[in-house]
Each structure stands twice: as structure tokens, then as C-alpha cells.
Amino acid sequence: MPENRSVVIALGNPLMTDDGFGLRVLQRLIEAYDMPVDVELVDGGTWGLSLLPAVESSRRLLLIDAIDIGVAPGEVVSLTSDEIPGMLSMKVSPHHVDMLDVLALTRLRGTRPAELLAIGVQPDRVSFGVGLTDSVESRIDDVAERVVRQLQDWGHRCTERAFAHA
């Protein structure tokens, strides 16, 4: 396992409108960037405790999600390690409870990643339905670029594919 291992986990449910945002950003990252071997991109969806091995194997963990903190819909939001449990406890979606449990377990087991960050957007609507609202969909590329910049700040070489914007 690489010493500088970072794991990016996209959370969300694509059947709950804007809650599917994290998964759409993950799709964009997969399509547009070549990631180094020490970065793992994970479709966390609503997988809950099954994400524990991926989280425990990382030195740095970056979560991508719809993050409801009461700002304008589509506004990009970043949360640090100390702020994430509060965000997850608001239970916008059932996967928040599961990820809160995963992070609590890593703390108890002494396997919590050294660095933890969440990047996402303020959702406009989280209700049964497929597709993102316009204000949230328009931020996919912005958040993908922020994720890449964060990975680069952590020492990873992420390369944009030449055909990504063709």
C-alpha cells in the first residue's frame, strides 16, 4: 500500500435528485483525469459500513457529497475534519448516518485518516427523482477541479486528459 495513499469517496443516492451530486463528480473525475496509483476513487453511493476498509487504508480521505449547511443552492462547500461529523449528523440522506458510523469506528480503532476533507455543494432539492437541479449540475466541473487541486496539494500528480473538454 502506497505511503501517501489518498482515497476519494463520492457519496449520494442518484434516485434522490441533488443527493446524487457526489457520484456525478466522481464520474467526471474518472472521465477527465488520470489518477496516480496512490489515489483511489470510490463510488461510495449508499454503501455504509462496507466503506470501512477503504477509509482505514487511506492516509488522507476526501468525501464528495451534497452538503446542506443552509447556503444558496449550488454554492460550493468545503468542510474540514472537525466540521464533517456535524454535517453528517444532519442526516440529509441515510448514507450520512452510515459514514458517521464509519468515521466513529476509525476513531475507536485508531485507524482514522490523518487528514479528512469534504467538498460538495449546497443541494437545492433532495427528494425522490432522477437528475440534478440546474444550480447543482452547473457546479460539477468546479468541484471536480477543486478535488484535483486538493489531491495535488497532498502531493499527487493528477493529469487531465487532452480530450476531456472536447
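The values are calculated or read from the model by the stated rules, or taken from the named source; none is laboratory data. Keep in mind it's a predicted model, so treat the numbers as computed, not measured. Cβ atoms come from the backbone with ideal geometry, glycine included; neighbour counts cover every protein chain shown.
May I ask you to list the residues in segment 125-159 that are in a loop (DSSP other than H, G, I, E, B) and not aliphatic (A, V, I, L, M)? Quick ask: steps written out before the conclusion?
So the first thing to find is which residues in segment 125-159 are in a loop (DSSP other than H, G, I, E, B), and the list is 125-128, 130-133, 138-139, 154-158.
Hits for segment 125-159 are Arg125, Ser127, Phe128, Gly131, Thr133, Ser138, Arg139, Trp154, Gly155, His156, Arg157, Cys158.
Tally up the residues in segment 138-157 that are surrounded by 16 or more Cβ atoms within 10 Å (Cβ to Cβ) and either in contact with a Pro (Cβ under 7 Å, 6 or more places away or on another chain) or over 23 Å from Leu61 (Cβ atoms) (or both), please.
Adding up the residues that qualify gives 1.
From the list Leu41, Leu62, which residue is surrounded by 22 or more Cβ atoms within 10 Å (Cβ to Cβ), in contact (Cβ under 8 Å) with a residue 24 or more places away in the chain and within 12 Å of the chain's Cα centre (by Cα)? So that I can check it myself, show each step before the final result.
Numbers: Leu41 fails: surrounded by 22 or more Cβ atoms within 10 Å (Cβ to Cβ).
The conditions single out Leu62.
Quick check on segment 84-126: of everything there that is small (Gly, Ala, Ser), exposed (fewer than 15 other Cβ atoms within 10 Å of the Cβ) and modelled with pLDDT of 80 or more, which residue is farthest from Asn13 (Cα to Cα)? Show your work before the answer.
Step one: list which residues in segment 84-126 are small (Gly, Ala, Ser), which gives 86, 89, 93, 104, 110, 114, 118, 120.
Applying the additional criterion that residues be exposed (fewer than 15 other Cβ atoms within 10 Å of the Cβ) yields 86, 89, 104, 110, 114.
Retained after the next criterion (residues that are modelled with pLDDT of 80 or more): 104, 110, 114.
Values: Ala104: 22, Gly110: 29, Ala114: 27 Å.
For segment 84-126, the residue satisfying everything is Gly110.
Within segment 2-26, which residues are assigned to a strand (DSSP E or B) and either out of contact with any helix residue (DSSP H, G or I) (no Cβ under 7 Å at 6 or more places or on another chain) or modelled with pLDDT under 95 (or both)? Steps first, answer last, please.
Filtering segment 2-26 down to residues assigned to a strand (DSSP E or B) leaves 6-11, 16.
Of everything in segment 2-26, those that are assigned to a strand (DSSP E or B) and either out of contact with any helix residue (DSSP H, G or I) (no Cβ under 7 Å at 6 or more places or on another chain) or modelled with pLDDT under 95 (or both) turn out to be Leu11, Met16.
Taking segment 56-75 as the region of interest, how many residues are closer than 20 Å to Leu23 by Cα and assigned to a loop (DSSP other than H, G, I, E, B)?
Of all residues in segment 56-75, those closer than 20 Å to Leu23 by Cα come to 58, 60-69, 73-75.
Among the residues that remain, those that are also assigned to a loop (DSSP other than H, G, I, E, B) are: 58, 67-69, 73-75.
The qualifying residues number 7.
Any residue in segment 8-23 that is surrounded by fewer than 21 Cβ atoms within 10 Å (Cβ to Cβ) sitting within a Cβ distance under 6 Å of a residue that is charged (D, E, K, R) and part of a helix (DSSP H, G or I)? List the pairs, counting only those 6 or more apart or interchain.
Qualifying pairs under 6 Å: Asn13/Asp19.
Assess whether Leu29 counts as being at pLDDT 95 or above, part of a helix (DSSP H, G or I) and surrounded by 17 or more Cβ atoms within 10 Å (Cβ to Cβ). Steps first, answer last, please.
Details: at pLDDT 95 or above: yes; part of a helix (DSSP H, G or I): yes; surrounded by 17 or more Cβ atoms within 10 Å (Cβ to Cβ): yes.
In short, yes.
If you check Asn4 against the conditions, is it polar (S, T, N, Q), in contact (Cβ under 8 Å) with a residue 60 or more places away in the chain and under 18 Å from Ile67 (Cβ atoms)?
Working: polar (S, T, N, Q): yes; in contact (Cβ under 8 Å) with a residue 60 or more places away in the chain: yes; under 18 Å from Ile67 (Cβ atoms): no.
It is false that Asn4 is polar (S, T, N, Q), in contact (Cβ under 8 Å) with a residue 60 or more places away in the chain and under 18 Å from Ile67 (Cβ atoms).
Return the residue satisfying two criteria in turn: it lies in segment 42-53 and is of a type in the set (A, V, I, L, M, F, W, C) and at pLDDT below 95, and of such residues it is nearest to Met16 (Cα to Cα). Don't jump to the end; show me each part of the working.
The first filter runs over segment 42-53 and keeps only residues of a type in the set (A, V, I, L, M, F, W, C), leaving 42, 47, 49, 51-52.
Keeping just the survivors that are at pLDDT below 95 gives 47, 49, 51-52.
Details: Trp47: 15, Leu49: 20, Leu51: 21, Leu52: 24 Å.
Per the criteria, the residue is Trp47.
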